[in-house]
1. Going through the range 113-172 one residue at a time, which ones are more than 23 Å from ALA89 (Cα to Cα) and among the basic types (Lys, Arg)?
2. Criterion first (buried (at least 16 other Cβ atoms within 10 Å of the Cβ), of a type in the set (Ser, Thr, Tyr) and under 24 Å from TYR26 (Cα atoms)) does TYR82 satisfy it?
3. Counting just the residues of the range 62-75 that are touching a residue at least 24 places away in the same chain (Cβ under 8 Å) and open to solvent by 60 Å² or more (accessible area, probe 1.4 Å), which one comes out farthest from LYS96 (Cα to Cα)?
4. Here's a check for you: in the range 169-201, which residue that is within 12 Å of LEU219 (Cβ to Cβ) and hydrophobic (A, V, I, L, M, F, W, C) is most open to solvent (accessible area, probe 1.4 Å)?
5. So the check is Cβ under 6 Å with 6+ separation or different chains; which pairs have a first residue in the range 23-40 that's among the hydrophobic types (A, V, I, L, M, F, W, C) and a second one that's open to solvent by 60 Å² or more (accessible area, probe 1.4 Å)?
6. Tell me which of these LYS214 doesn't satisfy, since it passes every other one: (1) in contact with a Pro (Cβ under 6 Å, 6 or more places away or on another chain); (2) surrounded by fewer than 17 Cβ atoms within 10 Å (Cβ to Cβ); (3) not acidic (Asp, Glu).
7. Taking interchain pairs and intrachain pairs at least six residues apart, which have beta carbon atoms under 6 angstrom, with the first residue in the range 176-205 and farther than 13 Å from LEU156 by Cα and the second in a loop (DSSP other than H, G, I, E, B)?
8. Only one residue in LYS166, LYS122, LYS137, LYS131 is surrounded by fewer than 21 Cβ atoms within 10 Å (Cβ to Cβ), under 20 Å from the mean Cα position of the chain (by Cα), on the phi > 0 side of the Ramachandran plot and not β-branched (Val, Ile, Thr). Which one?
Amino acid sequence: TFFQEAAVRIAFLYQEQKKIEQAIDYLKSAVKMVPDNADLLLYLGSLYEENEEFSNAENVLKQGLEMEPDNTRFYFRLGVVYDKWGRKADSIDAMKTVIRLDPKDATALNYLGYTYADLGEKLDEAERLIKAALEEKPDDGYITDSLGWVYFKKGLFEEAVKYLEKAVSLVPDDPIILEHMGDAYLGIRHKEKALEFYKRSLLNKNKDKKNIEKKIRELTGK
């Protein structure tokens, strides 16, 4: 137990210093010493994910599932890896497995519901999943945002504004939630409010700024 905790801590310190390769190498050596430790594999998989080594992440997480076939943490992490990898169908299947194993897993319920909403498909199912997640975590800003986004995708803009306003009050600086708020205000033709939230979103974005900059230009003509 002490070895595992120390190994994870050392890898985490490398990670904090943005030395992901060193963190991966260290944790790989730790896994060789205790190959039957599933927690080390889970953390190693997350490091590969952060480093966008998705194939390696998949292999490591599947090794963990061979040890612990019903461990929802591995399926969830695998689902996130597949999502970032562009393998949406595999991501959805992994999240469905988490929910089958633990029907009250709010994070997986929300992830799957938001995925459907973002794809613009199965919106009634997305609403059901996200409401189930909110039952478990009623004051979670990210889940509240997901429900608002479902209503936006359904064209129910007033309802979207209501939930997204609550989401912003719970998580004031998240650029995606702020952009969703801008989209919803634009949906009800409140262009000034939309522009306000687009600008707030841009201030909080560290990357992928082109889309939000385009929305601002379209509203300002600049």
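1. Scanning the range 113-172 gives LYS137, LYS162, LYS166.
2. Values: buried (at least 16 other Cβ atoms within 10 Å of the Cβ): yes; of a type in the set (Ser, Thr, Tyr): yes; under 24 Å from TYR26 (Cα atoms): no.
Considered against the rule, which asks whether it is buried (at least 16 other Cβ atoms within 10 Å of the Cβ), of a type in the set (Ser, Thr, Tyr) and under 24 Å from TYR26 (Cα atoms), TYR82 comes out as no.
3. Step one: list which residues in the range 62-75 are touching a residue at least 24 places away in the same chain (Cβ under 8 Å), which gives 64, 67-68, 70-75.
Next, only the ones that are open to solvent by 60 Å² or more (accessible area, probe 1.4 Å) stay: 67-68, 70, 73.
On the way: MET67: 20, GLU68: 17, ASP70: 13, ARG73: 13 Å.
Only one residue tops the list, namely MET67.
4. LEU186
5. Matching pairs, first to second residue: ALA23/TYR14; ALA38/MET67; ALA38/GLU68.
6. That leaves (1) as the condition not met.
7. If the second residue must be in a loop (DSSP other than H, G, I, E, B), the pairs left are ILE177/VAL171; ASN204/ASP173.
8. Numbers: LYS166 fails: on the phi > 0 side of the Ramachandran plot; LYS137 fails: on the phi > 0 side of the Ramachandran plot; LYS131 fails: on the phi > 0 side of the Ramachandran plot.
LYS122 is the lone residue from the list that is surrounded by fewer than 21 Cβ atoms within 10 Å (Cβ to Cβ), under 20 Å from the mean Cα position of the chain (by Cα), on the phi > 0 side of the Ramachandran plot and not β-branched (Val, Ile, Thr).
The values are calculated or read from the model by the stated rules, or taken from the named source; none is laboratory data. The shown structure was predicted, so the numbers you read here are calculated from the model rather than taken from an experiment. So basically every Cβ, Gly included, is an ideal-geometry build from the backbone, and we count neighbours across all protein chains shown. For the accessible areas, the whole protein counts, side chains as well, though only heavy atoms, and no ligand, DNA or RNA atoms are used. Shrake-Rupley method; radii C 1.70, N 1.55, O 1.52, S 1.80 Å.
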